[in-house]
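Chemist: What follows is a structure written as structure tokens; I'll ask about it next.
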Amino acid sequence: PEVITVQELAGRMAEKASDLVKALFNMGMPITVNEAIDQDTAELLVTEFGHIMKRVSDSDIDIVHDEETEKDDPATLKPRPPVVAVMGHVDHGKTSLLDALRGENVTAGEAGGITQHIGAYQVKTKKGGVITFLDTPGHEAFTQMRQRGASVTDIVILVVAADDGLMPQTIEAIKHCREANVPMIVAINKIDKEGANPQKVRERLLEHEIIVEAMGGEVQDVEISALKKTNLDQLIEKLALQAELMELSANPDRPAEAVVVEAQLDKGRGAVATVLIKRGTLQRGDTFVVGAESGKVRAVIDDHGKQLKKATPGMPVEVLGLSGVPSAGDVLTVVENETRAREVASYRKEQQNKARTTQAPVSMENLFSSVA
Ligand code: GDP
Ligand code: MG
């Protein structure tokens, strides 16, 4: 059965409808823009253009942007820092840990001690090189990003308070990691506290099929105190080891692709997005499309509030110069010119509005995940 018109598919793929028609013609299928095609044909076409298609149901498809399908030539890949997210139950010490790691390692006196809060930052470690930490507001953001095919996290630190043990959000985090296939390092926190029982945490983890090293398994674990800064070096070492195994790399010499970690409207600065560079190099002056917004990079600002000329893979930066506020998980793609950027953005906006007003059985995720 026919599931989508060429026109609509083109929109979701952020390609020109006429290019799709041409490709179809070359494949021996003379089909016009307003005609509908079936899933198999759509898949052929989507693949032809280097995107990936997911069959949501018998009657609906989703275009997923998948870096695996648009691989860079291996010769262009260079090592990049790991991107680490801290997850765990509320009050188990996620923020304290991030603060401790940052405080410990930020070069004293840097930028006059002014450290702006952005949703992500980098730490230069003595033993692990540069590590990017994501200060995600919660599991929701993680899930949201993942659902949109925008996987940003390489490694998760699962924080479990040794006095409280496994709690609902701990278990939820384990589920997320498993589904996203992201390796986890268990940080058993608050070992300074009376009543702390790290062994009990390890045993409870077994029930969820997490076998930590101390129990003869392969998941790295470390007992820490974020408050007293105990064993943070060990945690960094384990992170570095895990990152090394993963051989993380990206091509820095191409137009940038980044994922929005958070975004808001800032008085005076306008729409500001914190993005994580996935590949390529983002430069001042670059034209881009991000979700249903577009823009021209007016400034690239690092986690110390410093203006940069460019940002490379693994770096979290603030971007100024957006037409509006995008959503977390939106992909920022540098495109050749402003006309193209506006074209794609306005198409997406139109779709967004349509979905809102007609309550079409198309989820927002479907609409957002198409990428130029
Ligand atoms: P989050 O909700 O996971 O971000 O947890 P927070 O970092 O806000 O910590 C919650 C509370 O636990 C705060 O009062 C922290 O001071 C405290 N806390 C965090 N880490 C430790 C620790 O290692 N030892 C002790 N004793 N308290 C801690
Ligand atoms: Mg917190």
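Chemist: In whole Å, how far is the Cα centre of segment 201-272 from that of segment 1-33?
Modeler: Here the answer is 41 Å between Cα centres.
Chemist: Let me ask something additional. Can you give me the accessible area per residue for segment 292-336, using a 1.4 Å probe, in Å²?
Modeler: With all protein chains present, segment 292-336 gives 35 Å² per residue.
Chemist: Okay, next question. Describe numerically, in nm with one decimal, the distance between label points set 7 Å from Cα along Cα→Cβ at VAL56 and at ASP192.
Modeler: Label-label distance for VAL56 and ASP192, simple model: 4.9 nm.
Chemist: Can you list the aspartates and glutamates whose alpha carbon is less than 13 Å from that of LYS190, not counting same-chain residues fewer than 8 positions off?
Modeler: Result set, ordered by chain and number: ASP91, ASP163, ASP164, GLU223.
Chemist: Run through segment 238-310 and list the GluC sites (Glu not before Pro) located in a DSSP loop whose Cβ has at most 12 other Cβ atoms within 10 Å. Intermediate values should be presented prior to the final figure.
Modeler: Numbers: sites: GLU244, GLU247, GLU257, GLU262, GLU293; in loops: GLU247.
Within segment 238-310, the qualifying GluC sites (Glu not before Pro) (loop, at most 12 other Cβ atoms within 10 Å) are GLU247.
Chemist: Starting from the 7 Å offset along Cα-to-Cβ, what nm value, one decimal, do you get for the label separation of GLN199 and LYS124?
Modeler: 4.3
Chemist: Mind putting a number on the dipole of segment 187-344 about its Cα centre? Charges go on the C-beta only, +1 for Lys and Arg and -1 for Asp and Glu, and I need it in Debye to the nearest 20.
Modeler: 740
Chemist: Taking amide H positions as placed 1.01 Å from N in the peptide plane, with prolines and chain starts having none, which residues 5 or more places from THR281, or on another chain, fall under 5 Å of its amide H?
Modeler: Amide H to amide H, under 5 Å and 5 or more residues apart or across chains, THR281 pairs with ARG254, ALA256.
Chemist: Assuming R0 = 41 Å, what is the FRET efficiency of ALA23 and LEU265, from their Cβ-Cβ distance, to the nearest 0.05?
Modeler: In this case the efficiency is close to 0.55.
Chemist: Straight distance only, please: which lysines reach the Cα of LYS71 with their own Cα at less than 25 Å, same-chain residues fewer than 8 apart left out?
Modeler: LYS16, LYS22, LYS54, LYS278, LYS310
Chemist: From the Cα gyration tensor of segment 159-307, with a ≥ b ≥ c the square roots of its eigenvalues, which class applies: rounded if a/c is under 1.5, or else prolate if a/b is larger than b/c, or else oblate?
Modeler: Judged from the Cα gyration tensor, segment 159-307 comes out prolate (a/c at least 1.5, a/b above b/c).
The values are calculated or read from the model by the stated rules, or taken from the named source; none is laboratory data. Bear in mind the structure is a predicted one, so any value in this text is a computation, not a measurement. Reconstructed Cβ throughout: ideal geometry from the backbone, glycine too, with neighbour counts over all protein chains shown. Heads up: the accessible areas ignore ligands, DNA and RNA and are worked out on the full protein's heavy atoms, side chains in. Shrake-Rupley method; radii C 1.70, N 1.55, O 1.52, S 1.80 Å.
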